[in-house]
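Below is one structure, written out as structure tokens, with a few remarks after it.
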Amino acid sequence: MMNRLVAIVLLLLLTPACSSRLERVKPYEKEAFSKDKMLLNPMPLKVEYEEHILSIREASQGGGSSFQGGCGCK
Amino acid sequence: MMKQTSLLAILLLLFGTILSYAEGLEEKVTYSLNAYRDNSEGFILTNKLGMVKSIKEKFAIGVNGGVDAITAASSSNKSDRGPSEKSQSYRSYASLSGIYDDRENSLILGGYLSEENDYSGRSLFINYVRQLNRQNTSLAIALSTLSDRWKINTLPRDDRKGTQADLSITQFLSPTVQFQLGYSNIYSRGYLASPYRFIEQPTPLPLIEESLPASRRGEAYSLRVVKALSGATSLNLSYRYYRDDWKITSHTINTEVYRDLRDNYTLGGRLRLYRQSDTAYTKDIGAYTGTEKYVPIDYKYSAFDSYMAGVNLIYTIERPDLKRYVIKGSLDYYRTSNNDFIKYWYHNSYLDAVIFSCSVDYLY
């Protein structure tokens, strides 16, 4: 799994640098993204709490956006 | 309870001290109140206070702290434990982080600690985000390490260590679409079972304690897409695939739709679907004999589905001096499928719960 982790890090670092085609939206075209509803995580505190609850109730972890500290209920 | 009150008082004092000499970039104070109640007498009430304050150009600090009041349908005392027992406990936690942001690079370094009646947690974390392609692409890497400890002397091992790496790439595709690809690698080792889980056998046979492998490594792959359907409506879709070396796999789909009702009101609806398999060590609840090397008892190590549905509300108050309050509230209903492990432990065929969340951000 560590090899896969290293490969993904390299891919993430190299891919964006390889293509100017990724420069797709001008700064003045980003108005829509200034609204909370267009954020990747519009409700961050709710999601943080929910991820904590779900880490107690479900076995899956990761893929989220917030740091989760230790807890004896997990 | 005195300890938790003292912690909140110290945090409030700390916020006040920092506020008195700081100035700079976007800064905010956040308070959140969250509550969870389920059909097995589980209740968690959380009060949390946080602040981000710049202390110099490009530098800021973040402080967070909170207290959870937890009521659970299992005892914390081994001598009188049992599924029908009810226990009350508190969990207090605090984190401190340093933030650097020059609009191209963002770095957060921090530490976290938590205390419960029977458990303590310590963590360090680092999060780096790099903006590329004129802020069309962002790469993020987050690393965290945990060093937790059960405060129960009779356990064979009382430690839990862990590391987690999260990687993501976010890309704007058009003026109305962005997506994020994520990868998480999570490793845990130590005493990973719960000291409060067991299966009763006919007298005089002993209880069968929960027992789990001493390490676990899991991976999560995620995709999230946000699209503006119109000027007033947006769609937020996400999918996560998880797998680990205990042979658990899961799929999670989450859909959210938001619509502006007015300039400062946004209403959202969400639906989350979840399905997981059991571990390689899980048997039927009645099939354990006590001779197995590993005995997963918590239902979350068995196969089940769940769904969650709810509503979100975002309300923004803009003041003439450009200071803003952002109030966000949500109410969700959660329910699992029928499950024999849930029935054995909670005396219900399934778990269902209501989750409430409310937060106020003051941006100044």
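Between amide H atoms placed 1.01 Å from N, distances below 5 Å from B:N39 occur with B:D352, all of them 5 or more places distant or on a separate chain.
Remark: mean inter-chain Cβ contacts per residue of B:248-257 equal 2, using a 10 Å Cβ-Cβ cutoff to other protein chain atoms.
Peptide B:181-187 is shielded by partner chain Cβ atoms: per residue, an average of 5 of them sit within 10 Å of its Cβ. Compute the FRET efficiency between A:S34 and B:T203 as 1/(1 + (r/R0)^6), taking r as their Cβ-Cβ distance and R0 = 51 Å, and round to the nearest 0.05. It comes out at approximately 0.15. For the peptides A:20-29, B:206-215, B:170-179, the ranking by mean Cβ contacts within 10 Å, running from highest to lowest, is B:170-179, B:206-215, A:20-29. Calculation over all alpha carbon pairs of the protein assembly as shown in 20 angstrom steps from 0 returns a P(r) of 23, 58, 18, 1 percent. Each of B:R216, B:R319 has some number of other Cβ atoms within 10 Å of its Cβ, and from fewest to most they run B:R319, B:R216. The string of couplings for the range B:101-111 from the Karplus curve (6.51, -1.76, 1.60, θ = phi - 60°) is 8, 10, 6, 9, 10, 9, 10, 10, 10, x, x Hz, one whole number per residue in order, with x for Gly and Pro.
Enter the mean number of other protein chain beta carbons within 10 Å of the beta carbon of each residue in B:124-130, as an integer.
Working: counts 0, 3, 0, 1, 0, 0, 3.
Per residue, the number of nearby Cβ atoms from other chains is 1 on average.
Extending 7 Å from the Cα toward the beta-carbon at both B:R103 and A:N3 defines two label points whose distance is 4.4 nm. When peptides B:350-359, A:43-52 are sorted by average Cβ neighbour count within 10 Å, with the highest value leading, the order is A:43-52, B:350-359.
Between the range B:222-242 and the range B:106-145, what is the C-alpha centre distance in whole Å? Between the Cα centres of the range B:222-242 and the range B:106-145 lies a distance of 24 Å. Counting neighbouring beta carbons within 10 Å and listing from fewest to most, the residues B:Y90, B:Y112 come out as B:Y90, B:Y112. Modelled this way, with points 7 Å down the Cα-to-C-beta line, the labels at B:S215 and B:R189 are 0.4 nm from one another. For B:K343, the lysines whose Cα comes closer than 23 Å to its Cα, not counting residues fewer than 8 places off in the same chain, are A:K74, B:K78, B:K86, B:K283, B:K300.
The magnitude of the dipole of chain B, with charges of +1 and -1 set on the Cβ of Lys/Arg and Asp/Glu and taken from the Cα centre, is near 460 debye. Quick one: if the Förster radius is 22 Å, what FRET efficiency do B:Y307 and B:L229 give, using the C-beta to C-beta distance and rounding to 0.05? Computed FRET efficiency for B:Y307 and B:L229: 0.40. For B:L33, B:L229, the sequence from fewest to most other C-beta atoms within 10 Å is B:L229, B:L33.
Of all lysines in the structure, the ones whose alpha carbon falls short of 26 Å from that of B:K328, not counting any fewer than 8 places away in one chain, are A:K30, A:K35, A:K37, A:K46, B:K28, B:K48, B:K53, B:K227.
No value in this document is a laboratory result; all are computed from the given coordinates. Computed from a predicted structure; not experimentally measured. Counting neighbours? That spans all protein chains shown, and the Cβs are built from the backbone with ideal geometry, glycine included.
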